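Since the structure comes first, as structure tokens, the remarks are kept for the end.
The values are calculated or read from the model by the stated rules, or taken from the named source; none is laboratory data. Bear in mind that the values here come from a model prediction, so they are computed numbers and not experimental data. Backbone-built Cβ (ideal geometry, glycine too); neighbour counts: all protein chains shown.
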Amino acid sequence: MKLVACVCGLALVACALALENGLMRTPPMGWLAWERFRCNIDCKTDPQNCISERLFMDMADRLADDGWKELGYVYVNIDDCWMAKQRDASGQLVPDPERFPRGIKALADYVHSRGLKMGIYGDLGTYTCGGYPGTTLDRIEQDALTFAHWGVDMLKLDGCYSSEDEQAQGYPRMTKALNMTGRPIAYSCSWPAYRGGLPPKVNYTLLTNICNLWRNYGDIQDSWDSVLAILDWYSENQDVLQAVAGPGHWNDPDMLIIGNFGLSFEQSRSQMALWTVLAAPLLMSNDLRTLSQSAKEILQNQLMIKINQDPLGIQGRRILKEKSYIEVFLRPLSHSASALVFFSRRTDMPYRYTTSLARLNFTENAVYEAQDVYSGNIISGLAPEHNFTVIVNPSGVVMWYLYPTMYLEQPLNFVRQQSPMKGFHPLVL
Ligand code: GLA
């Protein structure tokens, strides 16, 4: 998101539309209810898992107590089905009184007391996708004020039950309304997902000015097929999508489903690596109370998170699609480093993939070192023309954090014949 100074004259139009919250310089991290807990409102038979203050307090406790918060997972985000079926007498949105007896402000206070941030869900339209009260155009300012008053830190504004024209008016208008509250509230817009996700129907220049993140594609489900469908769509349209992501404004390929039922161990590692290379938000939708140790290790991998949160904020791309069903993804990082993901779409057995950095477009006359993000192994002395082999499991990844250790003034073969100090100089990172 760009900060646009509000002066006057010709700049006024841009001014009025810019989101001025300075938030999300790196992709947001946290937890979001929808994929795992959906619209389960049956607190009588399922009190632990229904959409209620208890669920969000439980998740806040887990984020605060189980090492998540320190790694950056700070958002506790409510999704659909939190509201009462009607607004109150003054037209204000209210939470379901039985499931949120103390109200959203008290819940946000609790979340803040645990050192976390609170996110909420609304829908630009007559109803939310789940049939709860929507934010029609005439309610935008009122709802923004309500959320600010409750101490909300992030708003996901969905787009069910609204027309193309209402969305074109409503999404920018909510930007203004959030600015007017004076509270920094991160703004997630589902607008592009309702318009096919691509230009000319979607104006990404506008979106980067008015939203901190946006969904562009369909909902993730608890399955590998769903992860692949999202990945395919992102890869096929990467020329458009890669360019529009950056600090303050991110593409959102939807939640991490690691720790649920649909993904194998390898597939879980793959979702984490691929979402990281895509500079995607790391919003988990899982049950943090019962998460397996292996899912936790994947989600809490520190080098992975460092890569996801790289300050340059450049989204990665698929750079190769081999006939062998190996695909290679690359994300440029700060300090001349890169993240490389070797991804197997094979369904037979671990595949020995041989390539070289030169084949992956590393043309600098340098020697590189790689750290395997999952095993921690270090691979040193990689010159661009040297072949190397990675063994990639079916539907799995090998992920490298790659960085130059020295730049050569002469080709490596030549340097080897010289006194080392003349031929190379170490790079200070
Ligand atoms: C839409 C959104 C989902 C979720 C549901 C809630 O489908 O894309 O992420 O918010 O609505 O009903």
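Structural remarks
- Where a residue in segment 251-278 is acidic (Asp, Glu) and its partner, wherever it lies, is part of a helix (DSSP H, G or I), with Cβ under 7 Å and at least six apart: 254/230
- Among the residues of segment 374-412, those identified as within 30 Å of the chain's Cα centre (by Cα) and among the aromatic types (Phe, Trp, Tyr) are 374, 400, 401, 403.
- Residues of segment 27-47 classified as touching a Pro at 6+ places or on another chain (Cβ under 7 Å) and within 12 Å of the ligand (Cβ to nearest atom), total: 0
- Yes/no for residue 291 being over 30 Å from residue 54 (Cβ atoms) and either touching a Gly at 6+ places or on another chain (Cβ under 8 Å) or modelled with pLDDT under 95 (or both): no
- For segment 330-382, taking the residues that are of a type in the set (Lys, Arg) and more than 20 Å from residue 278 (Cα to Cα), the one that is surrounded by the most Cβ atoms within 10 Å (Cβ to Cβ) is identified as 346.
- Filtered by the rule that a residue be in a strand (DSSP E or B), within 14 Å of the ligand (Cβ to nearest atom) and farther than 19 Å from residue 218 by Cα, segment 117-134 gives 119, 120, 133.
- Qualifying residues in segment 62-86 (those that are away from the ligand (no atom under 16 Å from the Cβ) and surrounded by fewer than 16 Cβ atoms within 10 Å (Cβ to Cβ)) - the one nearest to the chain's Cα centre (by Cα): 70
- Segment 145-185: number of residues that are closer than 17 Å to residue 133 by Cβ and either among the charged types (D, E, K, R) or not in a helix (DSSP H, G or I) (or both): 10
- Helices (runs of 4 or more DSSP H) wholly inside segment 225-304 containing at least 2 residues that are in the same structural domain as residue 39 (by the TED database) and more than 20 Å from residue 70 (Cα to Cα): 238-244, 265-277
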